[in-house]
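Worksheet: the structure to be examined is printed underneath.
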Amino acid sequence: MSKLKEPGFILRWIKRFVVYCLGLFIMAVGVVFSVKSSLGVSPVTCLANVLYQICSAENLTALNLGTCTTIAYCLYILVEVIILRRDFKPDMLLQIVASFFFGLLVNLATAIFAFLPAPETYPMRLLFLLCSVPMVALGVMLYLAPQILPTPGEGMSLAISKKTGLTVSSSKIIFDCSMVCISAATSLIYFHKLVGVREGTIICALTVGLVMKLFLRVCEKPLMHFVERDTKMEQAIGPAPEVMAGQRCIVTIGWEFGSGGYELAQKLAERLGAKFFGNDELIPVEAQESGLPESFIHKHEHNMAHSVVYDFVTSSYAAHMELSSLEKLFATQVRILRRIAATETSAVLVGRCADYILCEDPNCFRVFIHAPTPYRVDRVAETMDIPRQQAAADLSATDTNRARHYQQFTGRPWGNTKYYNLAVDTSVMGQEHSLDLICDAIKLWEENRAEAASESATAD
């Protein structure tokens, strides 16, 4: 059966094309607003803006903003050809179509917003620039989602990445910095001052990505599902493993540092006769499947949130193609935990957001171990033989890292008891009684499941 006759094929591509065009148009509106601000535009468009400013100074009215954008983008394609040479494929020439189409949209946006006078005061210019930031961010997110045709700006990043072996994000940074330098040099040569590339270019470079990251956090999954494509994380995780027939008992343990959760998990596995999966068992497998060093995984196993510096440098390129090392590690953990849950008859899984990853698995029993801070500080100080002040600092840092890790990869607050089947306060129950309580709860849970399965079979 041809693809055209597949159910929903035409509708799927109509949705993708609409989202693609909408994204490019919103991005074009953002470009118009930033040009009107006279404070500079985003790095990928700054060369086009400088060319436009030169044409305006020379009264070359035929070379409007859209035309200059098309010219600049075609120059990017020419550089792609020079960089890639034999690796430049004929279908990459379709970027010319995207260049002309985006140029037309820029002219359309210019005509639509021609009624807005160019701001004269600096605060109003800054307002126009700041209005352009979310427009560009939203536009980039939308037009990239359908994966129809990259603009030459993205094509240049891919070309640099392919030739140098650098990541696409790193290549995008190189490309953007190069465009800013070339545009600034062109402006200085012609105007003897900076025109078309100014402080607004830096503001756009630093803020567009941060805003786009917020959009992605809220919109990425519904947007990608609307255009019927997997998110980057879904692609990295891959399809769910085939589930072994019959009921299983998979227990996940989340815990606050110092509450004794890890030791309880080990004892629970022994009591249940289940396989135990902690750091020693999982980290070698994670390293092998992810290609990341075991030392990296040890360091980031409970501290997988990016630093502020990392966010500032790379978040502008969050929508550009590849996952970070931390995201690759999480995707690997998801694959491994799902495989264990699908194939093991009985297992105890420690940490790694397992309660979230297996939240829809009916064979999963989720436990959270906690205790008041003073109790945990005393316990850490005693078991690790360190001063109480140091124990308090270590506890605070560890809990903060775990909370950031959990929030970043699940979107849920860490330690919220509504996400667990059972929450146990070890300061009240003690270690041994807590273990007894967990075992009794699991036994009752299994009995109820067996009874429900028996009633369902009888009804059938």
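Please state the shape class of segment 184-242: rounded when a/c is under 1.5, otherwise prolate if a/b exceeds b/c and oblate if not, all from the C-alpha gyration tensor.
It is prolate, given that a/c is not under 1.5 and a/b is the larger ratio.
Considering only the other residues whose Cβ falls under 14 Å of the Cβ of Val133, what net charge follows from Lys and Arg at +1 and Asp and Glu at -1?
Summing Lys and Arg as +1 and Asp and Glu as -1 gives +2.
Taking trypsin sites (Lys or Arg not before Pro) that fall in a DSSP loop and have at most 16 other Cβ atoms within 10 Å as cut points, what is the longest piece of the chain between them?
Result for the longest clean stretch: 230-460.
Can you give me the relative contact order of segment 372-418 as a percent, contacts being Cα pairs under 8 Å and 6 or more apart?
22 percent
With the Cα gyration tensor of segment 23-137 giving a ≥ b ≥ c as the square roots of its eigenvalues, does the rule (a/c under 1.5 for rounded; else a/b larger than b/c for prolate; else oblate) give rounded, prolate or oblate?
prolate
Pairs of alpha-carbon atoms within less than 8 angstrom and 6+ residues apart define the contacts here; what relative contact order does the chain have, in percent?
Value for the chain: 18 percent.
Any idea which of Thr343, Ala28, Gln407 is furthest toward the positive side of the dipole for the chain, if Lys and Arg beta-carbons carry +1 and Asp and Glu beta-carbons -1?
Towards the positive end, the residue furthest out is Ala28.
Show which lysines lie in cross-link reach of Lys193 when reach means a straight Cα distance below 20 angstrom and same-chain residues fewer than eight apart are skipped.
Once the sequence-local lysines are set aside, what remains near Lys193 is Lys36.
How many angstrom separate the Cα center of segment 228-301 from the Cα center of segment 1-70?
Result: 45 Å between the Cα centres.
Under unit Cβ charges (Lys, Arg +1; Asp, Glu -1), what dipole magnitude, rounded to 20 debye, does the chain have relative to its Cα centre?
Value, rounded to 20: 1860 debye.
Given only helices, namely DSSP H runs of n ≥ 4 each adding -39500 (n - 2.57), what is the per-residue ellipticity at 222 nm of the chain, to the nearest 500 deg cm²/dmol?
Value at 222 nm, helices only: -22000 deg cm²/dmol.
Expected output is a single nm value to one decimal: the length gained when fully extending between Ala118 and Asp385, i.e. 0.36 nm times separation in residues minus the C-alpha distance. What is it?
Between Ala118 and Asp385, full extension yields 89.4 nm more.
Can you find, among Phe101, Met156, Asn448, the residue sitting farthest towards the positive end of the charge dipole of the chain, where Lys and Arg contribute +1 and Asp and Glu -1 at Cβ?
Phe101
Can you sort Leu63, Leu78, Leu149, Leu84 by solvent-accessible area, 1.4 Å probe, largest first?
Leu78, Leu63, Leu149, Leu84
Identify which of the listed values of Kirkwood radius over Cα pairs in Å was calculated from the structure shown: (i) 25.6; (ii) 23.4; (iii) 22.2.
Only one option fits the structure, namely (i).
Let me know the charge dipole size of segment 119-204 about its Cα centre in debye, to the nearest 20, where only the beta-carbon of Lys, Arg (+1) and Asp, Glu (-1) is charged.
Once rounded to the nearest 20, the dipole reads 180 debye.
Show which lysines lie in cross-link reach of Lys232 when reach means a straight Cα distance below 26 angstrom and same-chain residues fewer than eight apart are skipped.
Lys3, Lys15, Lys89, Lys162, Lys163, Lys172, Lys213, Lys221, Lys299, Lys328
Hey, which lysines would be in cross-link range of Lys267, C-alpha to C-alpha under 24 Å, not counting anything within fewer than 8 residues on its own chain?
Lys275, Lys443
Around Asp87, with a cut-off of 13 angstrom between Cβ atoms, what is the net charge of the other residues, counting Lys and Arg +1 and Asp and Glu -1?
+3
How much solvent-accessible surface does Trp13 expose, in Å² to the nearest 10, with a 1.4 Å probe and all protein chains in place?
So the heavy atoms of Trp13 present about 90 Å² to solvent.
Checking the a/c ratio against 1.5 first, then a/b against b/c, what shape does the Cα gyration tensor give for segment 86-218?
Prolate.
Over what distance in Å are the Cα centres of segment 141-166 and segment 408-460 separated?
First find each Cα centre; the distance between them is then 47 Å.
Quick one: dipole size for segment 35-138, taken about the Cα centre, charges +1 on Lys/Arg Cβ and -1 on Asp/Glu Cβ, in debye to the nearest 20.
Here the size comes out at about 100 debye.
When DSSP assigns beta bridges and you keep just the ones with both residues in the chain, what percent turn out antiparallel, to the nearest 5?
Expressed as a percentage, antiparallel bridges in the chain total about 0.
The values are calculated or read from the model by the stated rules, or taken from the named source; none is laboratory data. Since the model is a prediction, treat every value here as computed from it, not as a measurement. Note that each Cβ is placed from the backbone with ideal geometry, even for glycine, and that neighbours are counted across all protein chains shown. Only protein heavy atoms, including side chains, enter the accessible area calculation; ligands, DNA and RNA are left aside. Shrake-Rupley method; radii C 1.70, N 1.55, O 1.52, S 1.80 Å.
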